[in-house]
Structure formats: C-alpha cells, structure tokens
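Asker: Here you go, one structure.
The values are calculated or read from the model by the stated rules, or taken from the named source; none is laboratory data. Owing to the predicted nature of the structure, the values given are computational and were not obtained by experimental measurement. Ideal geometry is used to build each Cβ from the backbone, glycine not excepted, and the neighbour counts take in all protein chains shown.
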Amino acid sequence: MSKRSWMLVAVSIVLVAGTAVAQYPVMDMVANKVIQKYQNSTCEQLWAARGQTPGMEEQRVIGFLKNDPQMRQAFFNQIAGPVMNKMFECGMIP
C-alpha cells in the first residue's frame with residue numbers, strides 16, 4: 001500500500017473516531033497530519049497528486065466533513081494557512 005493510501009486510511013479512521021468526541025481532538029490530529037503532508041512534500045509531489053481522483057477512503061473522509069459543518073469549519077480553520085501557503089509557493093493558486 002502506498003504512503004498516500006496509508007494516510008487516507010488513517011485519516012478516515014481518525015475522523016470516524018473523532019465524530020464521537022465533542023471537541024474533535026482526533027480531528028486535530030488529522031489536521032496536523034495534513035499540514036505535515038503539505039509541509040514535507042515537494043511541489044512536484046503535490047502537483048502529481050493534484051490530478052488524481054479521490055480514492056475510496058478519501059471520499060469517505062470528504063463525506064464526514066460534508067455531513068458535519070462544525071467539524072468541517074474547525075478542520076479548515078486549522079489547515080487553511082499552512083496548506084494555502086504551500087500551494088501558493090508551488091504556483092497552484094494565483
């Protein structure tokens with residue numbers, strides 16, 4: 001299994017567990033993993049991953065975020081700055 005697949009599996013498991021916790025401490029760990037992924041990836045790696053369609057696990061995680069607006073907002077609030085900065089550095093956003 002690739003590194004990306006393992007990460008998606010871990011994210012989905014953590015998000016499932018996190019929905020049962022009131023303040024989303026598990027979601028905090030997932031957000032930190034996403035931030036680390038972007039900070040530790042090269043621009044070439046991010047560009048290569050950008051064109052890929054979401055896998056089953058990633059779709060599941062997206063589903064959790066779609067179904068829980070409060071979790072989604074907390075998640076985006078945590079990852080927005082670091083992820084957007086990396087995407088800007090890599091020329092992925094204007």
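Asker: What are the residue pairs meeting all of these: first residue in the stretch 59-79, first residue under 15 Å from Asn32 (Cβ atoms), second residue at pLDDT 85 or above, Cβ atoms under 6 Å, and 6 or more apart or on different chains?
Answerer: Qualifying pairs under 6 Å: Phe75/Ala31; Gln78/Ala31; Ile79/Ala31; Ile79/Val34; Ile79/Ile35.
Asker: Pull up the stretch 35-80, narrow it to residues that are part of a helix (DSSP H, G or I) and of a type in the set (Val, Ile, Thr), then point me to the one that is surrounded by the fewest Cβ atoms within 10 Å (Cβ to Cβ). Don't jump to the end; show me each part of the working.
Answerer: Initial filter on the stretch 35-80 (part of a helix (DSSP H, G or I)): 35-40, 43-50, 56-67, 69-80.
Of the ones still in play, those that are also of a type in the set (Val, Ile, Thr) are 35, 61-62, 79.
Values: Ile35: 17, Val61: 23, Ile62: 14, Ile79: 18.
Looking at the filtered set, the residue picked out is Ile62.
Asker: Can you spot a residue in the stretch 39-60 that is in contact with a helix residue (DSSP H, G or I) (Cβ under 8 Å, 6 or more places away or on another chain), modelled with pLDDT under 80 and polar (S, T, N, Q)?
Answerer: So far as the stretch 39-60 goes, no, none of its residues is in contact with a helix residue (DSSP H, G or I) (Cβ under 8 Å, 6 or more places away or on another chain), modelled with pLDDT under 80 and polar (S, T, N, Q).
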